Structures are given as structure tokens and as C-alpha cells.
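These notes are about the structure you will find just below.
The values are calculated or read from the model by the stated rules, or taken from the named source; none is laboratory data. Given the structure is predicted, the values throughout are model-derived calculations rather than measurements. Note that we place each Cβ from the backbone using ideal geometry, even for glycine, and neighbour counts take in every protein chain shown. Calculation scope for accessible area: heavy atoms of the full protein, side chains included, ligands and nucleic acids excluded. Shrake-Rupley method; radii C 1.70, N 1.55, O 1.52, S 1.80 Å.
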Amino acid sequence: MEQIGKITWISGPVVRARGSRQVNMLDLVEVGEEHLVGEIIGLEGDTITIQVYEETSRMRPGAPVFTTGLPLSVELGPGLLRSIFDGVQRPLPAIEMRQGAFIRRGVQIPPLDREDRWTFTPRLEAGVDVKGGDILGTVQETAALEHRIMVPPNLEGKLTWIAPEKKFTIEEPIARVKKDHREQELSMLQHWPVRQPRPYRSRGGNAEPLITGQRVMDTFFPLAKGGAAAIPGGFGSGKTVAQHSIAKWADAQVIVYIGCGERGNEMTEVLQEFPHLIDPRSDRPLMERTVLIANTSNMPVAAREASIYTGITIAEYYRDMGYHVALMADSTSRWAEALREISGRLEEMPAEEGYPAYLAARLAEFYERAGAVETLNGKNGSISVIGAVSPAGGDFSEPVTQHTKRFIRTFWALDKSLASARHYPSVNWLDSYSEYLEDVANWWHAQVGQNWFEMRKQAMEILTEENRLSQIVKLVGPDVLPDEQRLVLETARLLREGFLQQSAYDAVDAFSTVQKQIRMLGLILQFHQKAGRIIKLGAPISVIHNLPVVNDLIRMKTAAPNDDLSKLDTIQNEINVQIEQLEAEYL
């Protein structure tokens, strides 16, 4: 490794060195005698500016800087799933086994184990022409997922040799490709620069929703597969629990969970809980299709940016195999704070609230890597990005939230008042929105056979009207309202408590299939319609409120399991019987 200069200036995670000009922007370097990982972020004459991804305390001017000659990259290959990395893809369990719970500076352990042997099964035969993205063979990485070994995106030629079905390490050759009299050996290990998006053939539309099992998200504010969503909310509003629920239940084949700077206790919960969770779809450990990147807020701030790019690059790799990937970033505000600190140490001109002027550009670079695509090998894959935002005091007008809204199409706004009332997920139905409604409407119709779009619209009108009426109720009380409007308040209560509110810790209620969601919503709307007819006949609202079926509607979310919706049929019959009895009374 070549020394390129010596450190002349140190300011926290930012250092400057003077030396060789034979380096490039974003090259990976090693700083000091301990070889701390860093990345070149500025070049001016013979002065090199570096952001260091490890603690720089006790470092002094004069310390050497070495170059790798390569950009910051990740290792891609079998062994990624079930792994826990830090922001620069160091394997935390392997480090803990060798050094204990505290990571010493400068530690360098390969991200993927070089000793593990994987059974490679070839898919192609020697003599065929191959190009980037073509699948050479497969490895059963976990019981839940087949790992597809692909030709690197920038390579094409004739396949002159491919290994037979046999166990190999990730560094042993499994194929040879020849082009222009040059033959290149391929192994199961690839490297890819984290800041460079992996190529694809074409980007498609977003016609299928990412089903999370959370009713307020799926039915009211859906996220399409390959889409981007934000979950903003103040401290204690339930961002982390919401992302945990999505990671557990979303119908994605691969989960990438990035803790890019959250508090240690939140990432501790992830690290302790996820390895023991059972995937409800396969009855296998959830970690068999999950990659965790753990970067807590006590780590150097520069590492938060690395974790974002590391995670999205791993997600793109599995997307290129033809899988649907869900990526959770918790939280992008910590990354933005890191950008603000680095910018301040570089003495750049600040923009709003001290954030750098390029904050929006960095957020755009991240969110635009989401998408549903046709891969280089002709398969369909997607990355759905769900980024949590932590605005101070729950103020959605701050820059990170406002810039994020420019690049996402689903906005799940968390409300601290709902969280305080133990209403989870605390998604505020008045502040949230989804721009994928028309895109996924046909999918919903094909799945449930009902006009989901109109049902959702009717429910939202009731909730919006309740908000308007509640302002009057606060001033003069509910008794002054006519019974037709008091019915709106009653139905809105059923929607809030019986449909929107959902327990992540209840065995039945944690996840709802789309069939159960639409049946539940249909029952509440049916009750509203029939009760409205009784009100017009002169029945007081108190009679409607005291019907036994009202409590059944509130409890149906836990009373009807996803695989047995007969309880909902019973409730529908009760609605008909009890309403008909009232109708006979008031006719």
C-alpha cells in the first residue's frame, strides 16, 4: 500500500494531508499508523481532505496517509444474509469473537468469510456468450433464499469454462470469460463502489403495492413495490416499532435494515430481537433473508453516510438477482446531522438551520436508487426504500423532512398525540398521503374483487368530516349536532379503534391480509350506511351506539384470524339482524 502524504490538520472526523496528487476524489484511504478507514472528499492542489470513518482521537499531524487506489466499495457474494455489519461493512459478530464487545480502531476483517464453502450449481455451459448480469449458477445461501451468482455488470465475452456442481470458497474460481484474447477468472465474490448505482436494463412502473400487513399503510396510504416512503415523527411517536413491523411482515424477499445513527438502545433492540424472530411466511428465522447494518449514534458521524450507501448497494445486488427488496433507514435525520457536522468542520457556507446547501442533492441520490426495474438478465426486481425522519420536536417544517418530501411519494406522518393515546401505528390520516393510489388500484381490484379505491375514499371522507365536527364539539359539545353528524363521529370512532389502530404485539392483529383488511373496512362502511337509514327514520344516535354489534366491530381485528374470516361473516349477519330489528321498530 502506497503512502501518499502526511496529515497536516485534524478536526474531528475530518483531516487534511499534503502529498501526492496521484489520487482521485472518493478514493478509499487509510489514515495514521492504525490504518483508520477514510474517504477522500476534497482535492485542492497537493492538499487532500479526508473524512475518516473511525475515531481520530490521539491522532497527530505528521501521521502517514496510505491509498488503496480504489473507491469505497462493498463485498458482494454468498454470506451477506444473516450478517450484521457496521457502516463500512465490518462484520460485527466476527470482530466480537476476536476482540470482545468493543471494536478497536483500525481493525480490518473481511466482510465475507473466506473459509466458508458454498455448493455452486452451474446454470450455463461452456461456449455460450455471456454479458453483465447473466446468471452463471446458484448457491443456496439460506433455506429461505437462493443466491444467484451473476456475471459482473461491466463484463461480457465467451464463457470458456464453468465449474461443476461442487463446494467452493467465495474466492475460488468458478468460471472463465474470454474477450479479445484476454481471459478473466470469475469467483463468487464481487466488489462494487457504494456511491455508484448498479446498472439495469429499464425502470418500470409501480403497479403492485408492498403489502406490510399494517392496515393504515396498505389500505389508506399504500407504498408501491419499488417506491419510496418516509416515516417522520418526533421522539416516542413509534418510528422504530413501525419499521420493525414492516421489516417483519412486508412481502419483500430480502430485508436490509440500516441503523444509520439511531440511539444505541434502539439498535440494541434490533440486534437482540431480529436473530430470534421467526419469518411468518417460511417459519424459518427472519435473519435468513435479512442484512443488518448497525451504526449507533456514538460512532463517528462520518460512518453514518457510509452506512446509507453500503445498505443501498447491498439492496441493489439482490435486486439484480430478480428479488424484491425492502430497505429500512433509521433514521436519515442522523445522516443529515452528520453532513451538517462535516460541512461545519470544512467551514462551508451553511444553508437553512445549518445544514449544507447540498443536503437535498444527497437525499435525492439516495431515494432515486429505489425503483422497480428490469434487470440486466431480464428479471424483474425492486427496491422499496422506507426512510425514517426524526424532526426535532416533531416539527415537519424542518429542512430534512421538507427535502425528503420532494423525493418520496408516500408520507406516513406519525403523530405524537396519537402515540400518547396508545394509538399505534400513530399514522395521522389527515397529514399522510400516497401518490401511488391510482397505480395500485387495479392490483387491489384483482386481489379483493371490490372497488377498494371508492371504499377508501368514503372512509377518508368520514374521517375528514369527523375532524371538522370535532372542532365544533370542543366548543359547544356533541349534543348540539344533529344525529346524522353524530353518526359520522360514531363511524369515525369505529374506523379509528376498529380498523386503524393495530397492535404489533398481538398474535392475531400484528398482521392483516388484504382480504381481511377490505372485509373489515367493508363491514364498517356497511354499518354506516344501514345506520344512516335508521337515523332518517327517527331513531336516536344512542340506539345505534348501544347496539351489541358495535363492540363486535371494534374487536373484530383480534377476533378474526387471517386464515379464518368466518367471524366476519357472523358480524355481517349481526349487522343485518340488529339493523332490521330497529327498522321494524321505527317504520
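Assorted remarks:
- Net charge of neighbours whose Cβ lies under 11 Å from the Cβ of E398, counting Lys and Arg as +1 and Asp and Glu as -1: -3
- K474/V128 FRET efficiency (R0 56 Å; Cβ-Cβ; nearest 0.05): 0.15
- Under 18 Å from a label point set 7 Å out along the Cα-to-Cβ vector of A507, the amide N atoms of the stretch 270-312 belong to 277-284.
- Over all pairs of different C-alpha atoms, the stretch 26-177 has a mean inverse distance whose reciprocal, the Kirkwood radius, equals 18.2 Å.
- Taking the three principal axes of the alpha carbon atoms in the stretch 221-323, the coordinate ranges are 35, 29, 26 Å, sorted in descending order.
- Peptides 11-23, 371-383 ranked from most to least packed, by the mean per-residue count of other Cβ atoms within 10 Å: 371-383, 11-23.
- Under 9 Å, Cβ to Cβ, from G69 - net charge with Lys/Arg +1 and Asp/Glu -1: -2
- Cα-projected label distance for L155 with H545, points at 7 Å along beta-carbon direction, nm: 7.2
- Length released on extending from Q196 to H445, taking residue separation times 0.36 nm less the Cα-Cα span: 85.8 nm
- Packing order of peptides 26-33, 42-49, highest average first: 26-33, 42-49 (average count of other Cβ atoms within 10 Å over each peptide's residues).
- Charged neighbours of P197, selected by a Cβ distance under 10 Å, balance to 0 (K, R count +1; D, E count -1).
- Estimated distance in nm for a label pair at T558 and L43, the labels positioned 7 Å out from Cα along Cα-to-Cβ: 6.3
- Computed log₁₀ I(q)/I(0) - Debye formula, equal Cα scatterers, no solvent, the stretch 143-196, q 0.12, 0.16, 0.17, 0.29 Å⁻¹: -0.33, -0.56, -0.63, -1.27
- Here the chain yields Rg over Rh of 1.04, to two decimals, using C-alpha coordinates and the Kirkwood radius.
- Shape of the stretch 87-242, Cα gyration tensor, a/c cut at 1.5: oblate
- Modelled FRET efficiency - R0 22 Å, T68 with D113, Cβ distances, 0.05 increments: 0.55
- Using the rule -39500 (n - 2.57) for each DSSP H run of four or more residues, divided by the residues of the chain, the 222 nm mean residue ellipticity is -10500 deg cm²/dmol.
- Mean Cβ count within 10 Å, highest first, over the residues of peptides 180-190, 529-539: 529-539, 180-190
- Accessible area of the stretch 421-488 belonging to carbon and sulfur atoms, whole % at 1.4 Å probe: 49
- Rounded to the nearest 10 degrees, the angle from helix 483-494 to the longest Cα principal axis of the chain is 40 degrees.
- Within the straight-line cut-off of under 30 Å between alpha carbons, the lysines reachable from K179 are K131, K158, K166, K167, K379, sequence neighbours fewer than 8 places apart in one chain being disregarded.
- Surface accessible to a 1.4 Å probe, per residue, for the residues of the stretch 376-425, Å²: 38
- With both labels modelled 7 Å from their Cα along Cα-to-Cβ, the D180 to E273 distance reads 5.3 nm.
- Rounded to 5, the percent of DSSP beta bridges in the chain classed as antiparallel: 75
- Cβ charges +1 (Lys, Arg) and -1 (Asp, Glu), total dipole of the chain, debye: 560
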